[in-house]
């Protein structure tokens, strides 16, 4: 695996086939990207840009659902993931593919089994693969991931309804990481997660994958959350890659109007942040205190944990 790209997409076109009264729709067209072993790549784009469709196809989730659910399919180009050609992938190879590819859907946190504890939910994929897996080892592995994702260890005994939406999403991320995937494909993994914790959560995902020499494709519309975690970003617009490279280089020298718009938004946000810092130094702003008071109590505690984790890593 060390000398093979984890993912190679060449001029990939993906469509949703005609269904009922709907005609066929092309969601991705001419997509090209390479992810090397150990590389963390962010896939950035607006809603409807095709990034989630690509994540479903590359992870094998579209093939798992099959034609019964009008799933997207590759109609042009080639997509190789862990050595498997995704176009026309056979069921036997699909089962092998999913052993090495982890997937976190953007609504994964809202689809957790309601009557299971967090400990059971995170560890479940281990037992689905091997019913005789050591339970003590599974519990320790699950607890380690829960802690790494800035959740209190006491979360292990809770059920999904006892958690905030952001905490449920992080439980889903832990579940996606429990099998040590060679490639993790995470579609908006910070959806519902408090803004003060998003960057730290993405940092954890990237750090865990890097520590094992594994890779990740992190789909997001939030450049701030990707921050320093990714090695490169691929910007997708209307199904086509319009920017590719290290985040600072892509934004610093935009070659497409959509990328230029992203750059303006990003730098404007940074300017506003700098102005806010200056106001804090001059005496602060009461609006910030009011906003902080509106955060959920669970997310407040997680924010403190995120800050402590950042201090440890400095």
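Just so you know, all these numbers are worked out from the coordinates, no wet-lab data involved. None of the values given here were measured: they were computed from a predicted structure. Cβ sites come from the backbone with ideal geometry, for glycine too, and all protein chains shown count toward neighbours.
Numbers below:
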{"read-out": "Residue 260-residue 128 FRET efficiency (beta carbon distance; Förster radius 45 Å; 0.05 resolution)", "value": "0.50"}
{"read-out": "Sequence of 156, 86, 116 once ranked by neighbouring C-beta atoms within 10 Å, starting from the fewest", "value": "116, 156, 86"}
{"read-out": "Computed FRET value (nearest 0.05) for residue 268 with residue 211, which takes r as the C-beta separation and R₀ as 30 Å", "value": "0.30"}
{"read-out": "Prolate/oblate/rounded call for segment 81-232, Cα gyration tensor, a/c under 1.5 rounded", "value": "oblate"}
{"read-out": "Rg(Cα) / (2.2 N^0.38 Å) computed for segment 1-47, rounded to two decimals", "value": "1.56"}
{"read-out": "Centroid-to-centroid separation of segment 21-43 and segment 102-152 [C-alpha atoms, Å]", "value": "28 Å"}
{"read-out": "Peptide ranges 192-204, 8-20 listed from the most packed, as the mean C-beta count within 10 angstrom indicates", "value": "192-204, 8-20"}
{"read-out": "Residues 78, 71 arranged by fewest to most Cβ contacts within 10 Å", "value": "78, 71"}
{"read-out": "Percentage relative contact order, segment 55-114, counting C-alpha pairs under 8 Å, at least six apart", "value": "31 percent"}
{"read-out": "Residue 24 versus residue 65: modelled label distance in nm, points set 7 Å from Cα along the beta carbon direction", "value": "1.9 nm"}
{"read-out": "Area projected by the alpha carbon convex hull of segment 35-135, averaged over all directions, nm²", "value": "8.8 nm²"}
{"read-out": "Per-residue Cβ neighbour rank within 10 angstrom, fewest leading, 149, 94", "value": "94, 149"}
{"read-out": "Global geometry of segment 139-201, whether rounded, prolate or oblate, following the gyration tensor of its Cα atoms and the 1.5 cut on a/c", "value": "oblate"}
